[in-house]
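**Student:** Sharing a structure below in structure tokens format, with a few things to ask.
Computed from the coordinates by the stated procedures, all read-outs in this text should not be read as laboratory data. Since the model is a prediction, treat every value here as computed from it, not as a measurement. With ideal geometry, Cβ positions are generated from the backbone for all residues, glycine too; neighbour counts draw on all protein chains shown.
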């Protein structure tokens, strides 16, 4: 019997992920260092109808046989919203903190270790690495917004749908900026957006509006469609300026 700790997970998440973990451990346990549940499924944003359950499997050593083992399970558990896990090793984690500080900060903040040792709680993120990736991410997102606007060919509805679908991807960046400003990043989307505003002094209401739309809490009028892209872009640009001028 494996020591799987799912007590801190929402009941729905626990029920869906347990068979997946047990099946993997039953066929391959000797090389598994730890298993961690990460992302929105363990936050207040969890929606059992739409939220995927994301996980990280840490192997003691990388083994392609493990990938072959879990590959056939994808279709079976995808129906239960269990996403394909990220596969890492302790060595990979330690050597990647300078390359992906935003992502690993997010893992550190939002995770539950359900099997093995908690390798994520004590990982160190340096301000220099975090600032550099925040700058890259913001500039990349501004390019993406401009290209998206062009490719939408003036279709504001299409453009809005694109950045509504992408807003979740902004949350790790926002948490990174909050952390960089010396604050403890929250986990819930609305809390993150509020904390981003208080940390930077920028009005971030447009991001809350986008989350409202994504959650189906509101719809855009025609007049709002005409301005929301500009607000979204301008606010992202202001964040970029703050990071550009931020000295570690």
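**Student:** Using only Cα atoms, figure out Rg for the range 1-117 and give it as a multiple of 2.2 N^0.38 Å.
**Tutor:** Here the answer is 1.02, to two decimals.
**Student:** While we're here: Which whole-number percent is the relative contact order of the range 127-245 (Cα, under 8 Å, 6+ apart)?
**Tutor:** Normalised by residue count, the contact order of the range 127-245 is 32 percent.
**Student:** Taking Rh as the Kirkwood radius computed over C-alpha pairs, what is the Stokes-Einstein D of the range 59-183 at 37 °C in a medium of viscosity 0.692 mPa s, expressed in µm² per second?
**Tutor:** 190 µm²/s
**Student:** If one takes the longest principal axis of the Cα atoms in the chain, at what angle in degrees, from 0 to 90 and to the nearest 10, does the Cα axis of helix 205-214 lie?
**Tutor:** Compared with the principal axis, the helix lies near 60 degrees.
**Student:** Of 76, 208, 108, how do they rank once you tally other Cβ atoms within 10 Å and put the fewest first?
**Tutor:** The order, fewest Cβ neighbours first, is 76, 208, 108.
**Student:** Okay, next question. Which residue, 224, 22, 184, has the most motion in a Gaussian network model of the chain that connects Cα atoms within less than 10 Å?
**Tutor:** So, out of 224, 22, 184, the one fluctuating most is 224.
**Student:** Could I ask something else about it? Sticking to Cα atoms, compute the Rg of the range 54-104 to one decimal and its Dmax as the biggest Cα-Cα distance, whole number, in Å.
**Tutor:** Here Rg and the maximum Cα pair distance are 12.7, 35 Å.
**Student:** Mind jotting down the distance between the C-alpha centroids of the range 93-114 and the range 24-75, whole Å?
**Tutor:** That distance is 15 Å.
**Student:** So for the range 11-116: antiparallel DSSP bridges make up what percent, rounded to the nearest 5?
**Tutor:** 75 percent
**Student:** Given an 8 Å cut-off on Cα distances and at least 6 residues of separation, report the relative contact order of the chain as a percent.
**Tutor:** Relative CO of the chain lands at 18 percent.
**Student:** Then there's this: Which value in deg cm²/dmol, rounded to the nearest 500, describes the helix-derived mean residue ellipticity at 222 nm for the chain, given -39,500 (n - 2.57) per DSSP H run of n ≥ 4 and division by the residue count?
**Tutor:** Estimated from H runs of four or more residues: -17500 deg cm²/dmol.
**Student:** Treating the Cα atoms of the range 127-245 as identical point scatterers in vacuum, please give the log10 of the normalised Debye intensity I(q)/I(0) at q = 0.13, 0.15, 0.20, 0.22 Å⁻¹, two decimals.
**Tutor:** Treating every Cα as an identical point scatterer, log10 I(q)/I(0) equals -0.49, -0.65, -1.12, -1.33.
**Student:** Stick to the Cα atoms of the chain, pair each with every other, and give me the Kirkwood hydrodynamic radius in Å at one decimal.
**Tutor:** In the chain this quantity evaluates to 19.6 Å.
**Student:** Counting pairs of alpha carbon atoms under 8 Å apart in space and at least six apart in sequence, what relative contact order in percent does the range 11-116 give?
**Tutor:** Over the range 11-116, the number comes to 36 percent.
**Student:** Let me ask you something else. Looking only at 142, 69, 159, which one moves most when the chain is put into a Gaussian network model with springs between Cα atoms under 10 Å?
**Tutor:** So, out of 142, 69, 159, the one fluctuating most is 69.
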